[in-house]
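A.B. asks: Provided herewith is a single structure, encoded as structure tokens, for subsequent inquiry.
Each reported figure results from applying straightforward, stated rules to the coordinates on display, with no laboratory input. These numbers were taken from a predicted model, which means no experiment stands behind them. Glycine gets a Cβ as well: all are built from the backbone with ideal geometry, and neighbour counts include every protein chain shown.
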Amino acid sequence: MIAAYDAIAEWYDQSIRKGTLLSADDLIASICFESVGNVEGQYLCDLACGQGHLSRQLAARGAEVVGVDISQRLLEIARREGDGIRYVHGDAQALPPLGDRPFDGVLCNLALMDIPDIDATFREAARILCPGGSFVATIIHPCFQIPQNRGYFDEGFWRSDYAQGVRGQVGARHRTLGTYLTGLGQAGLLLESAAEPRLPGRDVPPVLVLQARRVLGT
Ligand SMILES: C[S@@+](CC[C@H](N)C(=O)[O-])C[C@H]1O[C@@H](n2cnc3c(N)ncnc32)[C@H](O)[C@@H]1O
């Protein structure tokens, strides 16, 4: 598996630790936690977990966490912490075996834009969730973070002009809001909330936090 983040893993890890990424990670993580609610005792999958900062925060709140990512280098960094969190190498579009126990929740923070097939990803998330289980995904807001020189309706891969940023280095996939919401519904994930957090100094929300629930019986 070729993983774009392997090439920037150390830089990405350091950027998260220094808090220098555009994503205002701590704020976004806290919004993610609000959406997930009390995670104590829950069995959670951190889908596309990267270097594991969200996994660690969830574990610190009492959850049992399994992190999955396609980048071996980021997983190596995550495992360096030696905190007992289980990290599995795999593709969110076709997950490797994670065990028979269904998850109470699946989180996917700022990663759907990196994954070519979100319909497959939503289906996989729904498959590993228990009925009624919660799916929380944070995405670059598709209505306000539109690729330069392209229109909102023009879906596909783009690369930011800001070469030093994450999206300048690995690029991203732009999709319309409708594509995300339809994909959730078709996977049997019922949208419960769509939060547009106000980040300091921003007129529009740079991220969208979608919280859905696996429909009972699907
Ligand atoms: C912007 S990073 C976010 C990482 C982490 N969720 C966080 O909050 O820091 C995107 C992540 O998606 C992972 N990724 C990309 N494609 C993937 C795929 N098909 N399956 C699993 N992980 C993938 C990358 O390796 C990277 O760790």
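A.B. asks: Would you please list the contacts, defined by Cβ atoms under 8 Å and residues six or more apart or on different chains, that run from a residue in region 73-92 that is of a type in the set (Ser, Thr, Tyr) to a residue that is near the ligand (Cβ under 10 Å from one of its atoms) and outside any helix (DSSP H, G or I)?
C.D. replies: TYR87/CYS49; TYR87/GLY52; TYR87/GLY67; TYR87/VAL68; TYR87/ASP69
A.B. asks: Right, something else. Residues in region 140-160: is at least one buried (at least 20 other Cβ atoms within 10 Å of the Cβ) and within 12 Å of LEU47 (Cβ to Cβ)?
C.D. replies: Checked region 140-160: no residue is buried (at least 20 other Cβ atoms within 10 Å of the Cβ) and within 12 Å of LEU47 (Cβ to Cβ).
A.B. asks: Could you grab me the full set of residues in region 49-58 that are near the ligand (Cβ under 9 Å from one of its atoms) and either more than 15 Å from CYS108 (Cα to Cα) or crowded, with 24+ Cβ neighbours inside 10 Å (or both)?
C.D. replies: To start, the set of residues in region 49-58 that are near the ligand (Cβ under 9 Å from one of its atoms) comprises 49-55.
Selection gives CYS49, GLY50, GLN51, GLY52, LEU54, SER55.
A.B. asks: Scan region 59-85 residue by residue and report those that are within 20 Å of VAL136 (Cα to Cα), away from the ligand (no atom under 11 Å from the Cβ) and not in a loop (DSSP other than H, G, I, E, B). Break it down stepwise before answering.
C.D. replies: As a first pass, look at region 59-85 and keep what is within 20 Å of VAL136 (Cα to Cα): 59-70, 85.
Restricting the remaining residues to those that are away from the ligand (no atom under 11 Å from the Cβ) gives 59-66, 85.
Result: ALA59, ALA60, GLU64, VAL65, VAL66.
A.B. asks: Further question on the same structure: Would you kindly identify the helices (runs of 4 or more DSSP H) lying entirely within region 103-212 that contain at least 1 residues that are farther than 23 Å from ILE16 by Cα? Step through it out loud before you land on a result.
C.D. replies: Working: elements: 118-128, 166-169, 177-186.
In region 103-212, the matching helices (runs of 4 or more DSSP H) lie at 118-128, 177-186.
A.B. asks: Of all residues in region 7-21, which are farther than 15 Å from ARG80 by Cα and either more than 8 Å from the ligand (Cβ to nearest atom) or surrounded by fewer than 12 Cβ atoms within 10 Å (Cβ to Cβ) (or both)?
C.D. replies: Hits for region 7-21 are ALA7, ILE8, TRP11, SER15, LYS18, GLY19, THR20, LEU21.
A.B. asks: Could I ask something else about it? Going through region 169-181 one residue at a time, which ones are more than 16 Å from THR138 (Cα to Cα) and out of contact with any Ser or Thr (no Cβ under 8 Å at 6 or more places or on another chain)? Outline the logic, then answer.
C.D. replies: Taking region 169-181 first, the residues more than 16 Å from THR138 (Cα to Cα) are 169-171.
GLN169, VAL170, listed by residue number.
A.B. asks: Residues in region 90-105 that are surrounded by 14 or more Cβ atoms within 10 Å (Cβ to Cβ) and either within 13 Å of the ligand (Cβ to nearest atom) or on the phi > 0 side of the Ramachandran plot (or both): how many? Spell out the reasoning first.
C.D. replies: So in region 90-105, the residues surrounded by 14 or more Cβ atoms within 10 Å (Cβ to Cβ) come out as 90-93, 95, 98, 102-105.
Subsequent filtering for residues that are either within 13 Å of the ligand (Cβ to nearest atom) or on the phi > 0 side of the Ramachandran plot (or both) retains 90-93, 95, 98.
Adding up the residues that qualify gives 6.
A.B. asks: Filter region 106-141 down to residues that are free of Cβ contacts under 8 Å to residues at least 40 places away in the same chain and not acidic (Asp, Glu) and give me whichever is nearest to the ligand (Cβ to nearest atom).
C.D. replies: Filtering first and then ranking leaves ALA120.
A.B. asks: How many residues does region 44-57 contain that are under 14 Å from the mean Cα position of the chain (by Cα) and on the phi < 0 side of the Ramachandran plot? Please lay out each step first, then the result.
C.D. replies: Within region 44-57, the subset under 14 Å from the mean Cα position of the chain (by Cα) is 44-55.
Those still in the list that are on the phi < 0 side of the Ramachandran plot too: 44-47, 49, 51, 53-55.
Total satisfying the criteria: 9.
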